[in-house]
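Read the structure below first, then the notes.
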Amino acid sequence: MIPTFDRKDGKLVLAHVLFAFAALLVGGIAGLLQGLVRGGMVTLPANIGYYELLTAHGVLMALIFTTYFIIGFLYSGVSHTLGGQLRPAARKLGWTGYLVMSAGTVLGVIVILSGKASVLYTFYAPMKASPWFYVALALVVVGSWLSGFGVFCQYRRWRREHRGKLSPLFAFMAVVTLLMWQIATIGVAAEVVVQLIPWSFGWVDSVNVVLSRTLFWYFGHPLVYFWLLPAYICWYVVIPKIIGGKIFSDALARLAFILFLLFSIPVGFHHQLMEPGIGGFWKFLQVVLTFMVIIPSLMTAFSMFATFEMNGRAKGAKGLFGWLRVLPWKDVRFFAPFMGMLVFIPAGAGGIVNASNQMNAVVHNTLWVTGHFHLTVATSVALTFFGIAYWLIPTVTGRVLTPRLNRLGIIQTLVWCVGMLFMSGPMHIVGLMGSPRRTAYTTYGDHPDAILWMPYHVAMAIGGTILFAGVLLIVYNVIALMRAPKGETVYPIGEVAEAAEATPRYLERWSVWIGIAVALILFAYTIPLIDMFRGVTSPGFVTW
């Protein structure tokens, strides 16, 4: 008899997942309109601003959709692997965090759509939004902290009851992900609460621009790994079970996540390579640390393809690529995340370009960068999350994935990939031609360069339209999953291969790893931040 998912925990998980897809739908509408405007294909009504849509799209897609889905997914795995159900204290923190985040999200969306916060999702000073937009952001961050504390509470209790035992791999990875999030969001919380809220309310006259942007990017690059690490959890832990194989190495997986914790935070300056006010040595140091993050990503790629090949060989596959034939290509729970893995190859290569000082000078603030993060978060991460949804929703609701919904999921994945090819591909190309990002439709007075950009902008609009069809299809599939036939669906947690090396106990010595992470952060940021306190301040500007 397959154990059913705890009903109370299922409600908490489902609340997060459904909120995430609601944000995806609204953000997708904003993104569709934005793309059509940028391509010169439609003109917005006078009461709707392009940058208002751009802000709504970025906030809802990059911050809200991802954060809600990640927290729901991590709570589901922690509940399943650490005792079969959440402790009352952990569940209470989860619901409290959900409510606080939801209050912040609703407030933020109201402010954005009322035209008072068209500052994009990076909300760079000295552009000044309504103070209630910054209050909303603070609520979202605080709510996510509470949810993180709930996971830590569950993990700590399990460790006390199982002294000397290695924690389940999913739970270990969830703790690393949320530890990184808790440490990284200290920066954006300090920026919002200490700088932007007093400034926007008029309690102070000006804001330190370089300091505010540095605090944002202290958080902004780890945000990328907050998106990616849950996808990696799926790749490492879930996919082996779905394909009928074994996890290649528990030890390698844990080490990769520890390296992400150490090197994903002290790297924010590579987003500020073109900004004055930061010493060249500190930029160079953080570029070096950025390249260190490539190592666990390559470890992940090696581990995943080793898992696929081991699985194929165990099933009798022959030849160099015979193992490819035995993978379950018609199972959307595998197919969608696998396509995300493939897209991450060019996405990761683009990240190396962005982090390289000389090459960054070419692509900085062009559509190349927009194309890059649409490959990472909007494809690798999004497709993996979609694949998770096809088994997670049935698991927590006591239903089953039907063959029809599975086929629709395959179609939705293909639609998404085609749409992203038409959108992200032209973004990369026209970015190299100099087309800037964060701008509405303009031909710059029919300048010859801008005229050459327009076919690529039209292709981007076509790709965005195809992607919106993919949004509608995934939302339809989510609703259909809620109405699927009742049954019991296994929560897919893979087992480690028998031949794998034993996992060293020191990988769970949290005081050591947190201490090293803090030391790296202090080394990378202390002196630059001290210098920034003497930086130039600016009053606020409303440019829309």
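Please list, by residue number, every one of the trypsin sites (Lys or Arg not before Pro) in the stretch 307-340 that is coil in DSSP and has at most 12 other beta-carbon atoms within 10 Å. Can you show the working numbers first?
Values: sites: 313, 315, 318, 325, 330, 333; in loops: 315, 318, 330.
Filter output for the stretch 307-340: 318, 330.
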222 nm mean residue ellipticity, helices alone, for the chain (DSSP H n ≥ 4; -39,500 (n - 2.57); rounded to 500): -22500 deg cm²/dmol
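Trypsin sites (Lys or Arg not before Pro), restricted to the stretch 473-544: which are DSSP loop and have at most 15 other Cβ atoms within 10 Å? Before the final figure, lay out each step's value.
Numbers: sites: 483, 486, 505, 509, 534; in loops: 483, 509, 534.
Filter output for the stretch 473-544: 483, 509, 534.
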Which label marks the calculated value of semi-axes √(5λ) of the Cα gyration tensor in Å, given the options (i) 47, 27, 21; (ii) 35, 28, 24; (iii) 46, 23, 19? (ii)
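Ranked by Cβ crowding within 10 angstrom, fewest neighbours first, how are 329, 513 ordered? Kindly include the intermediate steps, with their values, before the conclusion.
On the way: 329 12, 513 19.
The fewest-first ordering by Cβ neighbours comes to 329, 513.
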Please give me the summed charge of the neighbours of residue 456: other residues whose Cβ is under 15 Å from its Cβ, Lys and Arg +1, Asp and Glu -1. +1
Between the DSSP loop rule and a limit of at most 13 other Cβ atoms within 10 Å, which chymotrypsin sites (Phe, Trp or Tyr not before Pro) in the stretch 423-459 are left? 444
Angle between the Cα long axis of helix 403-432 and the longest principal axis of the chain, 0 to 90 degrees, nearest 10? 30
Distance from the Cα centre of the stretch 292-325 to that of the stretch 92-120, in angstrom? 41
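In the stretch 7-538, how many lysine pairs have Cα atoms under 13 Å apart, counting only pairs 8 or more places apart or on different chains?
Details: 8/92; 11/92; 116/128; 246/315.
Within the stretch 7-538, the lysine pair count is 4.
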Based on alpha-carbon centroids, what's the gap between the stretch 60-87 and the stretch 197-213 in Å, whole number please? 34
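By count of other Cβ within 10 Å, fewest leading, how are 488, 52 ordered? List each step's numbers first, then the result.
Working: 488 14, 52 22.
Ascending Cβ contact count within 10 Å gives the list 488, 52.
If each residue's Cβ is checked for other Cβ atoms within 10 Å, how do 162, 457 rank with the fewest at the top?
Working: 162 13, 457 22.
By the 10 Å Cβ count, ascending, the order reads 162, 457.
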Env charge @ residue 390, Cβ radius under 13 Å, K,R +1 / D,E -1, value +4
Using a simple spin-label model with points 7 Å from Cα along the Cα→Cβ vector, what separation in nm is obtained for residue 500 and residue 92? 3.6
Non-local amide H neighbours of residue 127 (under 5 Å, H modeled in plane, Pro and chain starts lacking H): which ones? 541
Amide H within-cut-off set for residue 247, under 5 Å, with H built and near neighbours excluded: 495, 496, 497
Total formal charge among the other residues, if their Cβ is under 12 angstrom from that of residue 409, Lys/Arg +1 and Asp/Glu -1: +3
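Set the Förster radius R0 to 45 Å, insert the Cβ-Cβ distance between residue 480 and residue 206 as r into 1/(1 + (r/R0)^6), and round the FRET efficiency to 0.05. List each step's numbers first, then the result.
Working: r = 53 Å, r/R0 = 1.17.
My answer for the efficiency is 0.30.
Rule-based calculations on the coordinates, nothing more; no lab input. Predicted model, so just to flag it, every value in this text is computed and none were measured. Every residue, glycine as well, gets a Cβ built from its backbone with ideal geometry; the counts of neighbours run over all protein chains shown.
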